[in-house]
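In what follows, a single structure is set out as C-alpha cells and then discussed.
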Amino acid sequence: ELAHKAILRHCEQLDLQVLSTSLLRYQIRLPDGRWRFHSLYQFEFSSRGDDCYQAKMIMLGFKATHFRLPPYRMVDY
C-alpha cells in the first residue's frame, strides 16, 4: 500500500497516469553495490493515454528511495 501511494505521488508530480503496480522481488544488494535489504517494485505508466511504459522503484523499509523511469513522450499543451 505504501509503495503504491509513493508511485502514485511520484507519477502525479510528473503528470503521468499509473496503469499497474506490482512487487517484483526482494533483494539484498542495491544497484550501487551496497548490501541493504530492499523491495523492488515494477509499475506501468502512460504519459499520453495511448502508450505504456514500464518503470521500477526501490523501497528501503517504508521509504521510496529510487525511481527508474525510461524516456517517455511528453504531452504537448
Unique residue being open to solvent by 60 Å² or more (accessible area, probe 1.4 Å), among the hydrophobic types (A, V, I, L, M, F, W, C) and in contact with a Phe, Trp or Tyr (Cβ under 9 Å, 6 or more places away or on another chain) when the list is 23, 69, 40: 23
Test result for residue 62, touching a helix residue (DSSP H, G or I) at 6+ places or on another chain (Cβ under 9 Å), of a type in the set (Phe, Trp, Tyr) and open to solvent by less than 100 Å² (accessible area, probe 1.4 Å): no
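Take segment 1-19 and flag every residue that is more than 15 Å from residue 44 (Cβ to Cβ) and open to solvent by 80 Å² or more (accessible area, probe 1.4 Å). If you could, list the steps in order and put the result at the bottom.
Restricting attention to segment 1-19, the residues satisfying the condition of being more than 15 Å from residue 44 (Cβ to Cβ) are 1-2, 5-6, 9, 12-13, 15.
Result: 1, 2, 5, 9, 12, 13, 15.
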Which of the residues that make up segment 15-60 are under 24 Å from residue 74 (Cβ atoms) and without any contact (Cβ under 8 Å) to a residue 12 or more places away in the chain? 50
Answer with yes or no whether residue 54 is of a type in the set (S, T, N, Q), surrounded by 12 or more Cβ atoms within 10 Å (Cβ to Cβ) and modelled with pLDDT under 95. no
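The values are calculated or read from the model by the stated rules, or taken from the named source; none is laboratory data. The shown structure was predicted, so the numbers you read here are calculated from the model rather than taken from an experiment. Every residue, glycine as well, gets a Cβ built from its backbone with ideal geometry; the counts of neighbours run over all protein chains shown. Areas reflect the complete protein model, heavy atoms only, side chains present, ligands, DNA and RNA absent. Shrake-Rupley method; radii C 1.70, N 1.55, O 1.52, S 1.80 Å.
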